[in-house]
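The structure under discussion appears below in the form of structure tokens.
The values are calculated or read from the model by the stated rules, or taken from the named source; none is laboratory data. Worth saying up front: this structure is predicted, and the values here are computed from it rather than measured. Virtual Cβ from ideal backbone geometry, glycine too; neighbours counted across all protein chains shown. Heavy atoms of the whole protein, side chains included, go into the accessibility calculation; ligands, DNA and RNA do not. Shrake-Rupley method; radii C 1.70, N 1.55, O 1.52, S 1.80 Å.
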Amino acid sequence: KKCEASGAMAEADINPKSMYHAKKWSDDVENLYRFQQAGYRDEIEYKQVKQVDMVECWPETGFVKKLQRRDNTFYYYDKQRECEDKEVHKVKVYVY
């Protein structure tokens, strides 16, 4: 499993067409939760803002391992699921 948000490239300002809230947990929702905790919409916005091509992921699970916030502090995430069921509905899923 590779860590890629729907294969979209970090090009000049890609804006989402729409947004909805996640209904049930999935690997994608887990990673979105991690990006949103760090202050980004998703992987696409993260790569645009931070000008990076790669996001560090856990090889075992494919979940995001580490993100740099806008103030340059780092968030470190667990190898296992962190987004609890009660948090799932707060996760915003962006459609491009």
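In whole Hz, what ³J(HN,Hα) sequence does the stretch 82-96 give by Karplus (6.51, -1.76, 1.60; θ = phi - 60°), x for Gly and Pro?
10, 7, 6, 3, 5, 9, 4, 5, 7, 6, 9, 9, 9, 10, 9
If packing is taken as the average count of other Cβ atoms within 10 Å, what order do 23-31, 38-46, 78-86 fall into, highest mean first? It would help to have the intermediate numbers written out before the result.
Values: 23-31: 15.9, 38-46: 20.2, 78-86: 11.9.
Sorting 23-31, 38-46, 78-86 by mean packing, highest first, produces 38-46, 23-31, 78-86.
For the chain: lysine pairs with Cα atoms under 19 Å, gap of 8 or more or different chains, count?
23
Charges only on Cβ, +1 for Lys and Arg, -1 for Asp and Glu: so what's the dipole of the stretch 18-95 about the Cα centre, in debye to the nearest 20? Numbers along the way, then the final one.
Numbers: 15 positive and 15 negative charges, 49 e Å.
Dipole size: approximately 240 debye.
Output the relative contact order of the stretch 9-96, whole-number percent, from Cα pairs under 8 angstrom with separation of 6+ residues.
Working: 124 pairs, mean separation 39.0, N = 88.
Across the stretch 9-96, relative contact order equals 44 percent.
Please list, in chain and number order, the residues 5+ apart from residue 66 or on another chain whose amide H is under 5 Å from its amide H, with Hs placed from the backbone.
Here 56, 77 satisfy the definition.
Accessible area of the chain with a 1.4 Å probe: how many percent of it is carbon plus sulfur? Could the numbers behind the result be given before it?
On the way: 3050 of 6100 Å².
Whole-percent figure for carbon plus sulfur exposure: 50.
Name the residue farthest towards the positive end of the dipole of the stretch 18-95 from the options 25, 38, 76, assuming +1 on Cβ of Lys and Arg, -1 on Cβ of Asp and Glu, about the Cα centre.
Towards the positive end, the residue furthest out is 38.
Grab the DSSP H runs of the chain that are 4 residues or longer, score each as -39,500 (n - 2.57), total them, divide by all residues and round the 222 nm result to the nearest 500 deg cm²/dmol.
Details: 3 runs with 23 residues, N = 96.
Computed ellipticity for the chain at 222 nm equals -6500 deg cm²/dmol.
Which percent of Cα-Cα pairs in the chain sits in each 5 Å bin, short to long?
Taking all Cα pairs of the chain, the binned fractions are 2, 14, 25, 27, 21, 9, 1 percent.
Please list, in order along the stretch 31-43, the HN-Hα scalar couplings obtained from phi with the Karplus expression 6.51 cos²θ - 1.76 cosθ + 1.60 (θ = phi - 60°), rounded to whole Hz, x for Gly and Pro.
Rounded to whole hertz, the list is 5, 4, 4, 5, 4, 5, 5, 7, x, 10, 5, 6, 4.
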